[in-house]
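K.L.:
Sharing a structure, written as structure tokens. Questions coming.
The values are calculated or read from the model by the stated rules, or taken from the named source; none is laboratory data. Remember, it's a predicted structure, so these values are computed and weren't measured experimentally. Cβ placement follows ideal geometry from the backbone for every residue including glycine, while neighbour counts extend to all protein chains displayed.
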Amino acid sequence: MIMLVVGMILVTPAMACPAGTNCENNSISGDSIQLKGEDKEKLVNMALKDTKVKEFQEQLTKEGFIQKDSEALIIPVKNEKDGSTKEISFVAIPFQHKESQELKNIIYTYNPQTEESAVVLVEGGLSDCIYNLAICLGSFSGCAIVCGPLLVPDPAEPIEAELCLSCIPIAFGSCGLAYNACYDYYFGDE
């Protein structure tokens, strides 16, 4: 499960940056937007048409898994240099084994600007622990970018210091939520 979080952190910036452009340290991920209704259906249907998603679906069906209701979300990634925002799409397609509680998820990501997609099969369920941990790590990654100018030898601008100082409590707050969710997930029944 931790590999999913690490993979999402590595895939999201790569998917947000068009090939051949310089994207180092100039983008920040925003809050995710969970899709519902027609928007969700449209994105889920696009994911279901992907050949790799179809392969994983066939494999899981043969193994006795049943597809459950999918989740779809958009994560806006803002380029600090030019102010543009790219929206990276994510779809999680959960499957549960018909004879047990075993869960597997197909994760589909898509960048509409570059038209690149990535598909991963995740063993196990996606819990609040994983979601909160991803937000925690993403928040700290964002703070590293925002606070970076304070580490440069030239004097930092007041706005840079203000942005950095406002980012830190958000990151710690999200990690506090992740700690509680993960503790409950792994040790809650003790």
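K.L.:
Run down Ser100, Ser117 and say which single residue is farther than 14 Å from Leu60 by Cα, assigned by TED's automatic domain parsing to the domain that holds Lys54 and not aliphatic (A, V, I, L, M).
P.N.:
Working: Ser100 fails: farther than 14 Å from Leu60 by Cα.
From the options Ser100, Ser117, the qualifying one is Ser117.
K.L.:
Checking Ile135 against (1) farther than 30 Å from Phe65 by Cα; (2) at pLDDT 80 or above; (3) not assigned by TED's automatic domain parsing to the domain that holds Asn45, which test does it fail?
P.N.:
Going through the list (1) farther than 30 Å from Phe65 by Cα; (2) at pLDDT 80 or above; (3) not assigned by TED's automatic domain parsing to the domain that holds Asn45, Ile135 breaks only (1).
K.L.:
Give, as residue ranges, the strands (runs of 3 or more DSSP E) completely inside segment 49-123 that count at least 3 residues that are closer than 28 Å to Ile145 by Cβ and in contact with a strand residue (DSSP E or B) (Cβ under 9 Å, 6 or more places away or on another chain).
P.N.:
On the way: elements: 65-67, 71-79, 85-97, 103-111, 116-123.
Here the list reads 71-79, 85-97, 103-111, 116-123.
K.L.:
Let me ask something else. Under 6 Å between Cβ atoms, which residue pairs at least 6 apart in sequence (or on different chains) link something in segment 32-56 that is among the small types (Gly, Ala, Ser) with a partner that is assigned to a helix (DSSP H, G or I)?
P.N.:
Close Cβ pairs satisfying both conditions: Ala47/Val53.
K.L.:
Looking at segment 138-167 only, could you name the residues that are more than 19 Å from Val77 (Cα to Cα), β-branched (Val, Ile, Thr) and either at pLDDT below 80 or surrounded by 11 or more Cβ atoms within 10 Å (Cβ to Cβ) (or both)?
P.N.:
Of everything in segment 138-167, just one residue is more than 19 Å from Val77 (Cα to Cα), β-branched (Val, Ile, Thr) and either at pLDDT below 80 or surrounded by 11 or more Cβ atoms within 10 Å (Cβ to Cβ) (or both), namely Val152.
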